[in-house]
1. Sort 314-321, 325-332 by packing, meaning the average of other beta carbons within 10 Å per residue, with the highest value first.
2. Could you list the square roots of 5 times each eigenvalue of the Cα gyration tensor of region 263-372, that is, the equivalent ellipsoid semi-axes, sorted largest first and rounded to whole Å?
3. What's the exposure ranking of 173, 189, going from fewest to most Cβ atoms within 10 Å?
4. Return 154, 239 ranked ascending by Cβ neighbour count within 10 Å, so the fewest neighbours appear first.
5. Which percent of Cα-Cα pairs in region 294-438 sits in each 10 Å bin, short to long?
6. Quick one: which of 246-254, 64-72 comes out on top by average Cβ neighbours within 10 Å, and what's the full order, highest first?
7. Based on other C-beta atoms within 10 Å, arrange 347, 171 from fewest to most.
C-alpha cells in the first residue's frame with residue numbers, strides 16, 4: 001500500500017554516533033582492520049550485548065562488510081519488497097495534497113538520498129546478517145568524520161540488539177502486521193530503535209544508570225533536526241520521522257527501562273504502543289493508556305463510483321504536526337489541538353492518474369476539532385485553491401476532509417460520510433449527544 005513514511009527500520013545512522021560521542025568520551029579499538037572484521041572483538045561485543053540486554057542469542061549473527069553501492073541495493077530491495085514505484089508515487093502525491101510534502105516530490109529518491117548519506121550499518125532481517133558499510137577509501141563509515149574508533153562497537157551493539165528483537169520477539173513479523181497503518185508502524189519502529197539505541201549506548205558506556213540514560217535522552221532531544229534537513233535539502237517530513245524513531249523512541253523506551261528494567265522493555269513488544277502520540281506523550285501509554293479510537297470511513301462508494309480505493313491509512317499526531325510546521329507560523333494556535341488527537345483514517349481513491357483523498361480525523365473535544373478544521377481549511381486554500389478542490393467540515397469532535405477532484409461534490413458527500421462512518425468507542429457522551437442533535441442540520 002502507498003506510504004507516507006518509507007525506509008529501513010533496523011539501521012544505525014551517522015548522526016546517532018555523533019550524539020553518542022557528545023554524551024560520552026568515546027574510546028575503544030577499531031572493529032574493522034583493512035576491510036576485515038576483527039572476529040574476536042565482534043564475539044566479545046556480542047557476548048556483552050547479550051549480558052547487558054539480558055537476552056541470549058538463539059543463533060549466530062554473521063557480520064559482513066558492504067560497499068555503499070551494495071548497501072544501497074539492499075535498501076532498495078527492502079523498499080521494493082513492500083512498495084512498488086506506483087505506491088511511492090501515490091504516497092508522495094497524496095502527501096503533497098495534504099500539505100505534508102512539497103509538490104512533485106520523488107519520495108523514493110528523497111528517501112534513498114537520506115539513507116545514502118546517513119546509514120552506516122544495518123541488520124538485514126532477510127539474510128539475518130549485520131552489515132557494516134565500507135567507503136571506497138577503505139575506511140568504514142564510522143571511521144571517518146571524526147568518530148572515535150570505539151564507535152564501531154556501538155554500531156555493532158545497536159544492530160545486534162535488532163537481531164535479538166528479531167530472534168525473541170519477531171519484530172519483522174510485527175511490522176508486517178501493521179504495515180497499512182503508518183502511525184502504528186512508526187510507533188513500533190520507535191520501540192525497536194529506542195531499545196537498540198539504549199543497548200548500544202550501554203555497551204559503549206559500560207553500564208546503564210538513570211544518570212547516563214538521562215544524559216543520552218537529553219542529547220537526543222537537542223538534535224537540530226531542522227538544520228540537518230536544510231543542509232541536505234531533504235523535506236522535513238522525510239527526515240523527521242526517521243529521526244523520531246531514535247530520539248522519541250529512546251525517550252519512550254528509557255521510560256520503560258526506568259520503571260522496570262529490561263523486562264519492562266521486553267513487555268513493549270508484547271503490548272506495543274499504537275500511535276506516535278503515545279511515543280510523544282508516554283503517560284498516554286504508561287499511566288492512563290489512551291490508544292487511538294477506531295474509525296470506519298464509509299458512505300462514499302455510491303457517490304464516487306468509478307474511483308478505486310488504493311490506500312487506507314493513518315497519519316497520526318506526528319505527521320499532523322509536520323503538516324502544520326510546513327504551513328503555519330511556529331506558534332500558531334492550531335498546534336494546541338494536536339495533543340487532543342484521538343485517531344484519523346485517510347482513504348486514497350484513484351481514477352486514471354487522478355487522486356481524491358477522504359480523511360476523517362477524530363479529536364477528544366469539539367473545540368479542538370473546530371480549531372483544527374479552521375486552520376487546515378486555510379492551509380488547503382493556500383495549497384491549491386480552485387486547482388486543488390477541497391472541503392472541510394466538522395461534526396461534534398470529528399473533522400471530515402476531502403481533497404481532489406471528487407471534492408467538487410462535497411456538499412452531497414459530506415452527509416453520506418457522517419451517516420455511514422463510525423467512530424468507536426464514542427469520543428464522549430456530550431459529543432455524541434451533540435452529533436445526534438445536529439444530524440439533520442448537517
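The numbers here are math on the coordinates, done by the rules we state, and not lab data. The structure presented is a predicted model; accordingly, all values stated were derived computationally and were not measured. Heads up, the Cβs are rebuilt from the backbone with ideal geometry, glycines too, and the neighbour counts pull from every protein chain shown.
1. Working: 314-321: 24.4, 325-332: 13.2.
The peptides rank, most packed first, as 314-321, 325-332.
2. 28, 20, 13
3. On the way: 173 10, 189 26.
Result, fewest neighbours first: 173, 189.
4. On the way: 154 31, 239 21.
If I rank by nearby Cβ atoms, fewest first, I get 239, 154.
5. Taking every Cα pair in region 294-438, the percentages come to 11, 44, 36, 9, 0.
6. Values: 246-254: 24.9, 64-72: 15.3.
Packing proxy ranking, top to bottom: 246-254, 64-72.
7. Working: 347 20, 171 24.
Least to most surrounded, the residues fall as 347, 171.
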